[in-house]
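Colleague: Handing you a structure now.
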Amino acid sequence: MEVPLNPLGREEIHRLESVLLFATLFRPEVIGLIKDPAERLTWVDSLAVAAGAIAREKAGMTVSEIAEELGRTEATIRKHLKGETKAGQLVRETYELIKRGRLDELVRNIEVLAEGGRPAGLEECEKLRRENEELRERIMALEEKNRELVAKLENVKRILDDALDRVKDIEKLL
């Protein structure tokens with residue numbers, strides 16, 4: 001599913017809005033900001049309004065249409081759109097990162113989660129974990145085989161040493 005950077009219609013607006021909100025929430029600096037439980041609801045609400053405003057702006061809606069649809073004042077919407085609020089700045093930065101392809105993996109994972117799936121990173125991690133376990137088992141089997149070969153080699157060396165000693169004894173007798 002492609003992220004509509006210039007959405008056409010409600011469905012695309014909501015898709016862009018959701019991706020902007022979740023991608024912004026998962027940015028490390030935002031996670032730091034929302035750790036404080038007292039601030040969390042305010043931050044999430046502000047980010048949601050900013051994401052909604054920017055998604056609708058990209059769809060060509062006017063400030064008054066956006067304000068009416070989101071239930072906020074035109075002044076609040078203008079502040080978010082101009083980046084005069086921290087939430088507006090963060091969501092605008094997220095939009096630019098998505099536009100430049102810098103958040104492609106995160107966006108794919110958000111879309112997979114939205115559809116009820118598991119993020120690709122988790123599947124890849126599971127696959128790597130299984131491969132790692134298989135490799136550990138192969139290493140253990142190879143180490144055991146190596147121990148067996150070393151034991152056989154030591155036995156052959158002992159036999160050759162004994163044979164060499166016998167040859168020396170025979171030489172002395174001759």
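Colleague: Across the chain, where is the longest run that never hits GluC sites (Glu not before Pro) in a DSSP loop with at most 14 other C-beta atoms within 10 Å? Show your work: numbers first, answer last.
Modeller: Numbers: sites that count: 2, 84, 115.
Longest run free of exposed loop sites: 3-83.
Colleague: What dipole magnitude, in Debye to the nearest 20, does the range 18-117 give about its Cα centre under +1 on Lys/Arg Cβ and -1 on Asp/Glu Cβ?
Modeller: Rounded to the nearest 20 debye, it is 280 debye.
Colleague: Taking the 0 to 90 degree range and rounding to the nearest ten, how far is the long axis of helix 104-114 tilted relative to the main principal axis of the chain, both from C-alpha atoms?
Modeller: Computed tilt is about 80 degrees.
Colleague: If you compute Cα extents along the principal axes in Å for the structure shown, which of (1) 54, 38, 30; (2) 116, 34, 26; (3) 51, 36, 23 do you land on?
Modeller: (2)
Colleague: At most 10 other Cβ atoms within 10 Å plus a DSSP loop assignment makes a site exposed; report the longest stretch of the chain without any exposed trypsin sites (Lys or Arg not before Pro). Show your work: numbers first, answer last.
Modeller: Values: sites that count: 35, 100.
With trypsin sites (Lys or Arg not before Pro) excluded where exposed in loops, the chain gives 101-174 as its longest stretch.
Colleague: Then there's this: Can you tell me how the range 23-72 classifies by the Cα gyration tensor, rounded, prolate or oblate, using a/c under 1.5 as the rounded cut? Can you show the working numbers first?
Modeller: On the way: a/c = 5.16, a/b = 2.00, b/c = 2.58.
Oblate is the answer for the range 23-72, as a/c is 1.5 or above yet b/c matches or exceeds a/b.
Colleague: So which aspartates and glutamates can residue 172 reach, going by Cα to Cα under 20 Å and dropping same-chain residues fewer than 8 places off?
Modeller: 161, 162
Colleague: In whole Å, what is the distance between the alpha-carbon centres of the range 123-173 and the range 32-84?
Modeller: Cα centroid to Cα centroid, the span is 68 Å.
Colleague: Accessible area per residue for the chain in Å², computed with a 1.4 Å probe and the full protein assembly in place, what is it?
Modeller: Averaged over the residues of the chain, the accessible area is 69 Å².
Colleague: Next up: For the range 8-22, take each phi angle, set θ = phi - 60°, evaluate the Karplus expression 6.51 cos²θ - 1.76 cosθ + 1.60, and give the result in whole Hz per residue in order, putting x for glycine and proline.
Modeller: Whole-Hz 3J(HN,Hα) from phi for the range 8-22: 10, x, 4, 4, 5, 4, 5, 5, 4, 4, 5, 5, 4, 5, 5.
Colleague: Over 27 Å between C-alpha atoms is what I'm after, so list which of 99/127; 79/99; 58/79 land there.
Modeller: 99/127
Colleague: Let me ask you something else. On C-alpha positions alone, give me the angle between the axis of helix 120-173 and the longest principal axis of the chain, in degrees, nearest 10.
Modeller: In the chain, helix 120-173 runs at an angle near 10 degrees to the longest axis.
Colleague: Check cross-link reach from residue 145 to the lysines: straight Cα distance under 25 Å, and skip same-chain residues fewer than eight apart.
Modeller: Those lysines meeting the cut-off are 157.
Colleague: So, one more: In the chain, carbon and sulfur make up what percent of the accessible area (probe 1.4 Å)?
Modeller: Ligands and nucleic acids excluded, carbon and sulfur reach 55 percent.
The values are calculated or read from the model by the stated rules, or taken from the named source; none is laboratory data. Quick caveat: nothing in here was measured; it's all calculated off a predicted structure. Glycine gets a Cβ as well: all are built from the backbone with ideal geometry, and neighbour counts include every protein chain shown. SASA here: full protein model, heavy atoms, side chains in, ligands and nucleic acids out. Shrake-Rupley method; radii C 1.70, N 1.55, O 1.52, S 1.80 Å.
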